[in-house]
Structure formats: C-alpha cells, structure tokens
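Novice: First the structure, then my questions, so here it is.
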Amino acid sequence: MSTVMQPNSSAPADPLIIDGIAYRSRLLVGTGKYKDMAETRAATEASGAEIVTVAIRRTNIGQNTDEPNLLEVIPPDRYTLLPNTAGCYTAEDAVRTCRLARELLDGHDLVKLEVLGDEKTLFPDIVQTIAATETLVEDGFKVMVYTNDDPIIAKRLEEMGCVAVMPLAAPIGSGLGIRNPYNIMTIVENAGVPILVDAGVGTASDAALAMELGCDGVLMNTAIAGAQDPVMMASAMKKGIEAGREAFLAGRIPRKRFASASSPIDGTFF
Amino acid sequence: MEITLNGATRTIPAQTSASDLIESLGLAGQRLALEVNREIVPRSTFSEHMIRPGDTVEIVRAIGGG
C-alpha cells in the first residue's frame with residue numbers, strides 16, 4: 001500500500017498516528033491560561049490542533065453554575081480530548097484523575113499522564129510516573145506520558161506500553177526551548193512509538209527545531225496562551241510545526257565549516 | 001445529614017440519591033463525574049445510588065489545562 005496520499009484525498013498525507021488513529025496535525029495544544037472561552041476557541045482553531053488537553057478539577061458548587069463550559073467551545077465530537085493529570089504529585093492521584101476523566105468523557109481512555117516532582121521545576125517524578133503507568137496500562141488506558149529528556153527512561157516507558165512518549169524541551173511554561181537537542185534526537189532514534197516534545201517551547205522556531213530533530217509532534221500551552229496575541233501565535237506555531245516537519249523529511253544539508261559556491265565556476269568570462 | 005462535598009461540609013436531606021444531589025446543586029445535564037469515598041459512581045447509576053451520612057463526595061468537570 002502506498003503511503004503517499006493525493007492532496008485532495010480525505011486521508012491525511014504524512015499523518016501522525018497515535019494508537020492506530022491518524023491525525024493531520026502534529027501540533028497538540030492545551031487549553032489553560034487563556035483570558036476567556038472565546039480566546040480559547042479562537043486560538044485552538046487557529047492552531048489547527050486535533051488533540052487538545054483539558055484538566056480535571058472540582059465543579060464550582062453554588063457559584064457561577066451557568067458559566068460557559070469548556071466542552072462547549074472544545075466539543076468532544078470535533079476534537080480528541082486529552083485529559084491530563086496536571087497538578088498530581090503521586091501515582092495514586094494521577095490514576096484517580098484518569099479514572100474520573102474516563103467516566104467524565106464516556107469511556108474515552110486516551111490520557112496524558114504527568115506526575116510532577118516539585119513546584120519550582122515541575123519536572124516529572126519518574127518513580128511515580130512509572131508506577132502510575134503500570135496501573136493505567138493494566139487498566140486499559142492509552143497513556144501519552146510526560147517525561148524528562150532521558151533516553152533510557154523514554155524507552156522504558158515505551159516498553160511498558162505507553163502509546164506516545166513526551167519528553168520535555170525545558171521546564172513547563174519556561175519558554176526556554178529545546179535545552180538538550182542531542183537527548184531528544186537519541187530518544188527519537190530509539191523510539192517505536194511517537195515522540196512528542198511536551199513543555200518548554202517558547203516560540204515557533206522552537207517548535208520547528210523539535211520537528212527538525214525528528215519528533216512526531218509537539219504539545220504546548222503557555223507559548224500560545226501567554227503570547228501577546230495568542231491567536232496569531234497559534235497560527236505561527238502551526239506553520240513552525242509544518243515547516244520543521246517538511247525540513248526533517250526533506251533532509252537538511254550537512255553543516256560544513258567553509259563555503260560552497262551556489263553559482264557555477266565554469267563559464268565565467270572575467 | 002452531613003457530607004463532605006468538594007472539600008466542604010454540607011448538610012443535605014436524608015434519602016438523597018446522587019441524581020437528587022446533582023439536581024439540587026443546579027448541575028443537572030452538565031458533563032461531570034462523581035466520586036463517593038474515592039469510588040467512581042457511574043452516571044447510569046446516579047438515580048439508585050444513595051448518599052450516606054459522612055460520605056466524601058467529589059464532583060469534577062473538564063476545565064482548561066495544558
């Protein structure tokens with residue numbers, strides 16, 4: 001079977017495949033930190049993302065019960081919702097959050113697992129992440145796991161049954177970009193499941209670099225929601241991801257120390 | 001009877017089902033998930049699940065997050 005799709009085909013060319021489902025967009029976005037639901041909706045649309053993360057939190061009791069619901073602007077029939085375990089510091093809390101999310105979303109079992117280690121860095125607690133992964137995979141969840149940029153741990157998480165492994169570029173919300181491109185490359189080269197950079201991206205060139213390194217996609221929130229113009233930044237990120245992906249597939253020239261003329265030397269008349 | 005609802009003590013009538021509780025809170029028809037004493041109560045069983053004195057109830061929803 002040819003993997004090349006015609007431009008007008010309904011199946012996406014060069015899809016991102018996660019757990020057997022093909023997605024057109026390699027940009028995954030969060031829905032936190034926007035100023036209101038209208039901005040959430042506009043930026044999410046401009047990003048072209050199909051997979052969108054949401055958090056699970058207590059319902060407001062007795063106050064604003066008619067406030068707009070996130071799922072009205074991000075409808076589950078149009079987007080693939082990816083409930084996250086943000087804010088969890090133990091495997092137990094993360095597993096509990098995933099089970100509530102599955103009930104909330106009518107059995108939808110794709111989740112983003114993140115178990116944090118401390119508030120200052122928001123680095124993942126790998127011991128707790130591994131424990132939660134074990135329980136969730138056993139319980140039938142499709143786990144997309146947030147992890148550090150350690151190639152050994154990334155491979156272990158894949159072997160445990162995660163459907164995607166998502167190393168950080170830099171701390172969550174830091175906008176520092178890819179701090180360790182060589183580790184990200186090693187993780188990508190070793191991987192048998194999609195590798196998505198999750199967290200730390202600051203601007204479109206960071207997203208492009210992740211894709212040029214061979215990542216399958218990028219998940220981000222703050223870089224878009226925190227920009228001066230989130231909707232324009234969402235569009236920039238979409239283009240950065242697409243440009244980086246094409247550059248990766250096209251195969252860049254090797255870096256050389258000295259020049260190589262672009263115009264022929266033969267036929268000069270001077 | 002007293003229960004703990006989303007972290008706060010609350011007095012509700014005896015013989016309250018999960019559906020009654022959700023309706024009394026003005027949350028009927030909203031997409032939410034319910035946990036009683038850390039056990040998920042499936043939506044399909046809300047009407048028969050009776051809340052008991054001292055229960056710890058959590059009602060959650062999806063909100064913006066990254």
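Laboratory data are not the source of any read-out in this text; all were calculated from the coordinates shown. These numbers come from a predicted model, not from an experiment. Don't worry about glycine lacking a Cβ; one is built from the backbone with ideal geometry, like all the others, and counts go over all protein chains shown.
Novice: Return the residues of region B:13-27 that are within 14 Å of residue B:50 (Cα to Cα) and more than 11 Å from the chain's Cα centre (by Cα); say none if nothing qualifies.
Specialist: B:13, B:14, B:15 - these are the residues of region B:13-27 that are within 14 Å of residue B:50 (Cα to Cα) and more than 11 Å from the chain's Cα centre (by Cα).
Novice: To continue, here is another question. Which ranges mark the strands (runs of 3 or more DSSP E) fully within chain B that have 2 or more residues being under 15 Å from residue A:102 (Cα atoms) and free of Cβ contacts under 8 Å to residues at least 12 places away in the same chain?
Specialist: Filter on chain B gives B:39-41.
Here's the yes/no breakdown for (1) under 15 Å from the mean Cα position of the chain (by Cα); (2) over 22 Å from residue B:41 (Cα atoms):
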| position | (1), (2) |
| --- | --- |
| A:43 | no, yes |
| A:48 | yes, yes |
| A:58 | no, no |
| A:78 | no, yes |
| A:95 | no, no |
| A:108 | no, no |
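Novice: Look through region A:89-121, keep the residues that are buried (at least 22 other Cβ atoms within 10 Å of the Cβ) and in a loop (DSSP other than H, G, I, E, B), and return whichever of them is farthest from the other protein chains (Cβ to nearest Cβ).
Specialist: Going through the qualifying residues, I end up with A:115.
Novice: For residue A:17, indicate whether it is touching a residue at least 12 places away in the same chain (Cβ under 8 Å), away from every other protein chain (no Cβ under 14 Å) and part of a strand (DSSP E or B).
Specialist: It is true that residue A:17 is touching a residue at least 12 places away in the same chain (Cβ under 8 Å), away from every other protein chain (no Cβ under 14 Å) and part of a strand (DSSP E or B).
Novice: Filter region B:1-27 for residues that are within 10 Å of chain A (Cβ to nearest Cβ) and loosely packed, with under 12 Cβ neighbours inside 10 Å; which is farthest from residue A:104 (Cα to Cα)?
Specialist: Out of the qualifying residues, it is B:8.
Novice: Shifting gears a bit: Name the one entry in A:184, A:224 that is free of Cβ contacts under 8 Å to residues at least 60 places away in the same chain and not small (Gly, Ala, Ser).
Specialist: Answer to the selection: A:184.
Novice: Just to be sure I understand, how many residues within region A:201-240 are surrounded by 20 or more Cβ atoms within 10 Å (Cβ to Cβ) and basic (Lys, Arg)?
Specialist: 1
Novice: Listed residues B:59, B:51; which is under 11 Å from the mean Cα position of the chain (by Cα), surrounded by 15 or more Cβ atoms within 10 Å (Cβ to Cβ) and farther than 24 Å from residue A:67 by Cα?
Specialist: B:51
Novice: Here is a further query. Go through region A:10-38 residue by residue and tally those that are more than 15 Å from residue A:242 (Cβ to Cβ), touching a helix residue (DSSP H, G or I) at 6+ places or on another chain (Cβ under 6 Å) and not hydrophobic (A, V, I, L, M, F, W, C).
Specialist: Residues meeting the conditions: 3.
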